[in-house]
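Some notes on the structure that comes next.
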Amino acid sequence: MTHRVVLIAAAFAGSSALAAFAGRRGAPSAEPTHTVWDSVYTATQATHGDSLYKGTCVKCHGATLSGGDEGTPLVGPAFLGNWRDLTLDQLYDKIRTSMPPDNPKSIATRDVADLVAYLLSQNQFPAGAKTLTDSVDQLKDIKITTSRP
């Protein structure tokens, strides 16, 4: 092989590796088209989330979701300030991967969606007719905002 052919082959291999890496990272996501004000969960789902909360989360976050020695508030300005302008997939993933702290990843994915629905209800976001999904791709399309758009 000539020096020129070797350089072309190396450049091609490098660009292929870079393209593969970029593909794994994914393209930048589009701006979400929905917000938590769009009635993205059902009242039934929030009620189930309430039961789950009482059995799993209350020990750290308190009966009123206001936090405690071991858990941060899950309602009000402190909670909304932490999550404002993020999307529901991020909240969902936080709960799914790290809660409860003494047994992370132990909550079923469907139950995590119901817990998110409960948190939305307790933060006065409206319920609707459509069940909140446990699809991360769909949750990425729902932005947490503190005021109605």
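Only the coordinates and a few stated rules stand behind these numbers; no lab work does. Because the structure is predicted, anything quoted here is derived from the model rather than measured. Cβ atoms come from the backbone with ideal geometry, glycine included; neighbour counts cover every protein chain shown.
Tally the residues that are of a type in the set (D, E, K, R) and buried (at least 19 other Cβ atoms within 10 Å of the Cβ), restricting the search to region 112-132. Residues meeting the conditions: 1. Of all residues in region 63-105, those that are loosely packed, with under 12 Cβ neighbours inside 10 Å and within 19 Å of Q122 (Cα to Cα) total 4. Residues that are free of Cβ contacts under 8 Å to residues at least 40 places away in the same chain and surrounded by 15 or more Cβ atoms within 10 Å (Cβ to Cβ) within region 133-149 comprise just one, T133.
Residue by residue through region 114-149, note down the ones that are of a type in the set (D, E) and in a loop (DSSP other than H, G, I, E, B).
Step one: filter region 114-149 for residues of a type in the set (D, E), giving 114, 134, 137, 141.
The answer is D134, D141.
Where in region 36-106 are there helices (runs of 4 or more DSSP H), lying wholly inside it, with at least 1 residues that are over 17 Å from the mean Cα position of the chain (by Cα) and either under 13 Å from L119 (Cβ atoms) or free of Cβ contacts under 8 Å to residues at least 60 places away in the same chain (or both)? Let's see the steps before the verdict.
Working: elements: 43-56, 58-61, 76-83, 88-98.
Per the criteria, 43-56, 58-61, 76-83.
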